[in-house]
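First up is the structure itself, then whatever we jot down about it.
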Amino acid sequence: MNKIVKKAIIPAAGLGTRFLPATKALPKEMLPILDKPSIQFIVEEAVASGIEEILIVVSSNKNSIIDHFDYSFELEERLKQKKKMNEFKQIRKIADMVNIQFVRQKEPLGLGHAILCAQSFVGDEPFAVLLGDDIVMNEGGEPAVKQCIDAFNKTNSTVLGVQKVSDDVVHKYGVIDIDAKLQSDKSIFKIKGAVEKPSKEEAPSNYAILGRYILKPTIFAELKKTKVDIRGEIELTNAIMALIKHESVYAKEFIGRRYDIGSKSDYAISIIDEALKNPETKEEVSKYIIKVSKELGKK
């Protein structure tokens, strides 16, 4: 009988150097998309997918992430005194929505090492991993990690969340080598390997691994054996490739609009898209987009 995926890990210990100087004092995961920190979108996706416990892996300069998901008694009291109950409920909901724990990654040794830091939290259960740089919106549909959990329930195997990318950007991602599609669900592929950041000539497919994983606890033994790469990091993809030698591994092509929050252009686009959904900002932002589009059309 399959164990139910109820735990998730969110690695959030990176330095965020692509967003300096903003990330000198502010964790990149706390950069707002309109009025909400990007990491809150990740946590909300996990909760909407049935996750009951979350471990966020942080580094020593990420205390504001911990504060964001904690109660803020002074702020809450001020809001109540000023009769701003909608704002009070909004703030309190952030702390109450799920059981969140934190652990510090004491050395910057990569994603694989961050997941190793969570071993005692996971125990012998399967678990989800949601990378903080990847936000996926699927309006009216199932969250991306829920789609991956459903694939795990069908296969009882490690699942990597993937989407198709163009030849021009395959060199940015880990790309899967497909063995066969699942007969009962053509969006689930059994894989025989993956290539990390291949050239377009070397890429075995156009399906890139995009920040959503369902892993079994057997991954920890492989991570402990995985040697650091040339950057001095333990690479999760290398451990998964070792796992394939004695376990089936699948990929799930999930549905949703993915934003790479590590990219300045994608980050900017995510803010615009959120502003167009928000009743407070939709009209003014729409007018501005139309104005700028007309001006660009004249050039």
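Every number in this text was worked out from the coordinates using simple rules, so none of it is lab data. All figures in this text were calculated on a predicted structure; none of them were measured in a lab.
Quick rundown of the values:
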{"item": "Given (1) closer than 24 Å to A128 by Cα; (2) assigned to a loop (DSSP other than H, G, I, E, B); (3) not small (G, A, S), index of the condition E280 fails", "result": "(1)"}
{"item": "In region 185-214, the residues that are small (G, A, S) and assigned to a loop (DSSP other than H, G, I, E, B)", "result": "S199, A203, S205"}
